[in-house]
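Student: To start, I am sharing the structure in question, which I have written as structure tokens.
The values are calculated or read from the model by the stated rules, or taken from the named source; none is laboratory data. From a predicted model like this one, the values you see are computed outputs, not experimental measurements. Here the Cβ is made from the backbone with ideal geometry for all residues, glycine too, and neighbour counts use every protein chain on show. Protein only, heavy atoms only, side chains kept; ligands, DNA and RNA dropped before computing areas. Shrake-Rupley method; radii C 1.70, N 1.55, O 1.52, S 1.80 Å.
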Amino acid sequence: MIIGVGIDVVDVERFGQTLERTPSLRERLFTETERELVLNSLAARFAAKEALAKALGAPVGLQWHDCTVHRGEDGRPHLQVTGTVAARAEALGVHALHVSLSHDAGIASAVVVAEG
């Protein structure tokens, strides 16, 4: 059963300008393993975190670092959730999270499906 679906779109250039204006934002939004990625990948990961929050009902109190977007050996993205995000998912009865990322023509996007 699908518990929630979230989608988000990020303008890559604008996102890059924001990161340049506020360098500490990179540390606030991304885990250590994510921070060194190129801008397109960072924007897609930010979109994934936003989409995940939407799929979980966008509750107040979710922490950005409680979600990491990993690239699996198969090349597909995977979500690793801990802390506040894992607690919300558990409270909703989520058993699996599915994520799809894309970036093209200056836009990064992500879709997350929370399955129970």
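Student: Just the number, please: carbon plus sulfur as a percent of the accessible area of the chain, 1.4 Å probe, no ligands or DNA/RNA counted.
Tutor: 51 percent
Student: For the pair Val38 and Thr22, how long in nm is the line joining their label points, each one 7 Å along Cα→Cβ?
Tutor: Spacing of the two 7 Å Cα→Cβ label points: 2.6 nm.
Student: I've got another one for you. Could you give the accessible area per residue of the chain, probe 1.4 Å, as a whole number in Å²?
Tutor: Heavy-atom SASA per residue in the chain reads 58 Å².
Student: Another question, then. Projected onto the charge dipole of the chain (+1 at Lys/Arg Cβ, -1 at Asp/Glu Cβ, origin at the Cα centre), which of Ala110, Phe15, Leu97 gives the Cα projection farthest towards the positive end?
Tutor: Phe15
Student: Follow-up. Can you work out the Karplus-derived ³J(HN,Hα) for every residue in the range 24-35? Use 6.51 cos²θ - 1.76 cosθ + 1.60 with θ = phi - 60°, whole Hz, and x for glycine or proline.
Tutor: 5, 4, 4, 6, 6, 8, 10, 6, 4, 5, 8, 4
Student: Now a separate question. Mind ranking 46-59, 23-36 by how tightly packed they are, going by the mean number of other C-beta atoms within 10 angstrom, highest first?
Tutor: Ranking the peptides 46-59, 23-36 by packing returns 46-59, 23-36.
Student: Summing +1 for each Lys or Arg and -1 for each Asp or Glu, what net charge is found among the other residues whose Cβ lies under 12 Å from the Cβ of Val111?
Tutor: My count for the surroundings of Val111 gives -1.
Student: Treating the angle as unsigned and between 0 and 90°, give the value, to the nearest 10°, between the Cα long axis of helix 39-55 and the longest Cα principal axis of the chain.
Tutor: Helix 39-55 sits roughly 30 degrees off the main axis of the chain.
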